[in-house]
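What follows draws every value from the coordinates through simple rules; no lab data is involved. Given the structure is predicted, the values throughout are model-derived calculations rather than measurements. Because the Cβ atoms are built from the backbone with ideal geometry, glycine has one as well, and the counts that use them run over all protein chains shown.
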Amino acid sequence: MLNKRLGQHFLRDTAVLTAIADAIQPLPEQTILEIGPGDGALTEVLQQSGATVIALEIDQRFAEKLQQRYHQHPRIKIIHTDALAADWQELAGQNARLVGNLPYNISTPLLLKMAHNAHWLQDCHVMVQKEVGHRVCAAANSADYGRLTVSMQLWFAAQWLLDVAPEAFTPPPAVDSTVLRLQPRPPQPTPPDFEAVVTAAFGQRRKTLKNSLSSSTIDWTIDWQHCPIDSSRRAQSLSVAEFIELAKYCRRTHEYFSE
């Protein structure tokens with residue numbers, strides 16, 4: 001019995017599994033951190049490469065089945081844990097590669113966690129809802145461009161690899177999926193309130209930057225006089241580099257919390 005609360009949809013199409021493995025091209029000396037192995041279809045393909053696989057599974061039933069299957073395998077480690085709460089670097093070590101068929105209901109927080117761990121990851125290959133893939137890969141001034149786009153493109157170069165139809169899964173999801181390659185960029189220094197500025201700017205994306213920031217839950221002091229970003233622009237028109245510039249001139253003075 002699958003757990004609907006966990007958004008479980010298991011990949012069954014061998015052609016898609018092979019295409020993902022071909023895109024990853026795992027090597028024996030590499031460590032792969034797999035998020036949400038489920039019943040282990042992709043885990044099995046990955047282990048055939050000789051790479052070390054550390055798989056994080058939140059569902060105890062599937063974690064125990066995989067632990068039994070691989071209990072004598074020296075390069076496969078199955079950990080029953082919540083991937084959102086786990087310390088990935090502690091579990092996988094420096095320069096690991098991340099792979100996962102991300103549960104649709106938590107794909108955004110998982111992607112944002114990848115962004116926060118990009119400095120030590122070698123790369124990521126993840127399957128997400130197609131709509132989320134559009135948001136990650138979006139260009140400025142497009143309808144899909146938003147907070148997730150900026151947060152991911154700050155740390156990653158995103159590449160769209162392939163689409164996956166619902167019929168490739170059991171049970172079939174109600175949406176199409178896509179596989180992305182996320183290649184870490186060189187670290188970019190950002191102002192302390194960068195993420196808060198991006199979140200506030202997209203909070204009311206139809207408003208100008210000046211209006212959306214002034215109506216957020218944070219009271220900002222913004223030096224518009226010296227800021228090179230025009231306050232009449234809208235959030236979706238700013239590149240990642242321009243958001244960094246904007247955040248340099250924003251200072252958080254007070255934050256309001258609703259009871």
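For the chain, the number of Lys pairs separated by eight or more positions or lying on different chains, with C-alpha atoms closer than 21 Å, is 6.
Computed from Cα atoms alone, the Kirkwood hydrodynamic radius reported for segment 102-259 is 16.7 Å.
Oblate is the label for segment 145-215, because the ratio a/c of its alpha-carbon gyration tensor axes (a ≥ b ≥ c) is 1.5 or higher and a/b is not greater than b/c. Considering only alpha-carbon pairs that sit under 8 angstrom and 6 or more positions apart, the relative contact order computed for segment 84-169 is 28 percent.
For segment 1-118, the percent of C-alpha pairs falling in each 5 Å distance bin, counted from 0 to the bin holding the largest distance, reads 2, 11, 23, 25, 23, 13, 3, 0.
Rounded, prolate or oblate, given the Cα gyration tensor of segment 122-161, with a/c below 1.5 counting as rounded? Here segment 122-161 falls in the oblate category. When each of the peptides 219-225, 15-21 is scored by the mean number of other C-beta atoms lying within 10 Å of its residues, the order from highest to lowest reads 15-21, 219-225.
Highest mobility in the GNM of the chain, judged by mean-square fluctuation with C-alpha springs under 10 Å and restricted to Leu182, Leu46, Leu161, is found for Leu161. The eigenvalues of the Cα gyration tensor, multiplied by 5 and square-rooted, give segment 175-259 an equivalent ellipsoid with semi-axes of 24, 17, 14 Å from largest to smallest. Start at zero, step by 10 Å, and the Cα-Cα distances of segment 20-82 spread as 25, 57, 18 percent across the bins.
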